[in-house]
1. Could you pull out the residue among R330, R262 that is basic (K, R), part of a helix (DSSP H, G or I) and either within 14 Å of the chain's Cα centre (by Cα) or in the same structural domain as Y202 (by TED's automatic domain parsing) (or both)?
2. Could you look through segment 223-248, keep only residues that are surrounded by fewer than 19 Cβ atoms within 10 Å (Cβ to Cβ) and free of Cβ contacts under 8 Å to residues at least 40 places away in the same chain, and pick out the one that is nearest to A208 (Cα to Cα)?
3. Looking at A267, A297 in this structure, which one is at negative phi and touching a strand residue (DSSP E or B) at 6+ places or on another chain (Cβ under 8 Å)?
4. Looking only at segment 186-215, count every residue that is without any contact (Cβ under 8 Å) to a residue 24 or more places away in the chain and either in a helix (DSSP H, G or I) or more than 13 Å from F238 (Cβ to Cβ) (or both) and tell me the total.
5. Out of curiosity, is I307 in a helix (DSSP H, G or I), β-branched (V, I, T), surrounded by fewer than 16 Cβ atoms within 10 Å (Cβ to Cβ) and assigned by TED's automatic domain parsing to the domain that holds R123?
6. Determine, yes or no, whether A25 is surrounded by fewer than 12 Cβ atoms within 10 Å (Cβ to Cβ), within 22 Å of Q282 (Cβ to Cβ) and at pLDDT below 95.
7. Can you pull out every residue in segment 82-109 that is more than 30 Å from H175 (Cβ to Cβ), within 24 Å of the chain's Cα centre (by Cα) and without any contact (Cβ under 8 Å) to a residue 40 or more places away in the chain?
8. Considering each of K323, K336 in turn, give the residue that is in a loop (DSSP other than H, G, I, E, B) and either basic (K, R) or at pLDDT 90 or above (or both).
Amino acid sequence: MEIRHTIYSAHLGHGPPLRDAQWRASYGLSYPVFASLLDQLKPHILHADPSLPLPPDYALSMVLSRLSHGLSAKTLARRYSLDPYLVSKITNILTRLLATKLYPQFLQIPVSHRLLQIIHSFRDLTSLPNMCGAIDASPVNLTLNRNNAAMEGDLSAFRCRQGFPALLLQVVADHRKVFWDVCVRAPGGTDDATHFRDSFLYNKLISAEILKDSVVSVRGHHVRPYIVGDWCYPLMSFLLTPFSSNGTGTPAQNSFDAALMRGRSVATQAIGLLKGRWRILQNLNVGLNHAPQTIVACCVLHNICQIAGEPEPDPSTLFKEPKETGAPARVLESEKSFYYFGESLRQAMADDLQERLHQQRSR
């Protein structure tokens with residue numbers, strides 16, 4: 001096949017460093033990572049559609065090219081002399097497989113040794129004990145077309161704070177900027193706290209189904225592993241947020257807020273990296289029915305790159321999220337016990353951090 005020859009002959013004739021740099025520029029990842037990904041996906045691709053007119057390696061290359069460059073199906077079809085319908089069909093098949101078959105392998109809530117590794121790394125970063133993740137949300141811009149006509153009648157729900165139609169992506173990232181939970185369940189007009197409460201993650205945290213091991217004691221408070229977020233999320237015993245958004249707390253509270261936000265920053269950086277590597281997420285040009293799986297597929301690919309140690313692009317070239325402007329989250333009646341415990345726990349951790357900082361300065 002001429003197209004297939006064009007893809008591979010352009011890259012495989014060079015040494016590994018140059019070849020891998022060219023593969024990253026074309027497909028978002030190096031050739032060894034591509035080859036490993038192909039090995040994992042190939043049986044699923046063949047099973048999903050045995051009559052697919054393209055070989056799995058070429059189909060995967062084409063989809064990665066679309067995701068990494070944000071190309072529309074029509075643009076890619078013209079480039080490779082294919083029917084736009086075929087490009088869309090293959091994209092939908094591959095993103096569904098990434099979002100379902102590979103999701104359990106590359107997106108896992110941390111337990112045991114991995115949980116301890118994450119906790120220790122966050123402590124090195126923030127000086128706070130038992131932190132195991134950072135949560136953040138980001139609107140993914142939707143391109144409106146006839147395939148998305150169903151949403152035309154109610155754009156208000158999809159219009160995010162920045163003014164464009166979007167779906168809301170929620171992520172929890174570890175210290176390596178690897179996601180261990182993602183959720184795409186709400187239109188862009190939904191606030192972060194509501195999206196969080198509608199997620200499976202919230203139910204698992206409320207019921208203590210997850211993050212229940214490795215409990216430590218801070219000034220008499222039992223601290224289970226927790227995640228951190230900004231003031232748009234509700235303060236809970238398992239989700240700690242800053243005392244204030246503008247540094248108006250006590251010295252101990254301000255020191256705690258600065259430490260917490262250092263931890264939270266990994267989620268913001270991870271989202272910037274995600275949207276920088278997989279630029280289709282900057283302007284999602286797929287049908288609304290396939291938009292959530294496309295977003296999740298890109299999150300899986302992001303993790304694959306991070307775990308494989310793929311070089312991160314220059315920070316200046318990454319996608320920059322608009323500054324958070326949402327209102328502080330209100331506390332629901334059903335959450336008050338979690339809130340009050342989180343409030344006393346946060347103050348105890350702030351006092352403990354302040355004492356440790358004072359001891360370090362006086363040595």
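The values are calculated or read from the model by the stated rules, or taken from the named source; none is laboratory data. Note that the coordinates shown come from a computational prediction; the quantities given were computed from them, not determined experimentally. Ideal geometry is used to build each Cβ from the backbone, glycine not excepted, and the neighbour counts take in all protein chains shown.
1. Numbers: R330 fails: part of a helix (DSSP H, G or I).
Step by step, each of R330, R262 is checked, and only R262 is basic (K, R), part of a helix (DSSP H, G or I) and either within 14 Å of the chain's Cα centre (by Cα) or in the same structural domain as Y202 (by TED's automatic domain parsing) (or both).
2. Checking each candidate, the answer is S244.
3. On the way: A297 fails: touching a strand residue (DSSP E or B) at 6+ places or on another chain (Cβ under 8 Å).
One residue alone meets the criteria, A267.
4. 6
5. Details: in a helix (DSSP H, G or I): yes; β-branched (V, I, T): yes; surrounded by fewer than 16 Cβ atoms within 10 Å (Cβ to Cβ): yes; assigned by TED's automatic domain parsing to the domain that holds R123: yes.
In short, yes.
6. Numbers: surrounded by fewer than 12 Cβ atoms within 10 Å (Cβ to Cβ): yes; within 22 Å of Q282 (Cβ to Cβ): yes; at pLDDT below 95: yes.
For A25, the condition - surrounded by fewer than 12 Cβ atoms within 10 Å (Cβ to Cβ), within 22 Å of Q282 (Cβ to Cβ) and at pLDDT below 95 - is met.
7. If the condition is that a residue be more than 30 Å from H175 (Cβ to Cβ), within 24 Å of the chain's Cα centre (by Cα) and without any contact (Cβ under 8 Å) to a residue 40 or more places away in the chain, then I90 is the only one that fits.
8. Working: K336 fails: in a loop (DSSP other than H, G, I, E, B).
After ruling out the rest, the residue left standing is K323.
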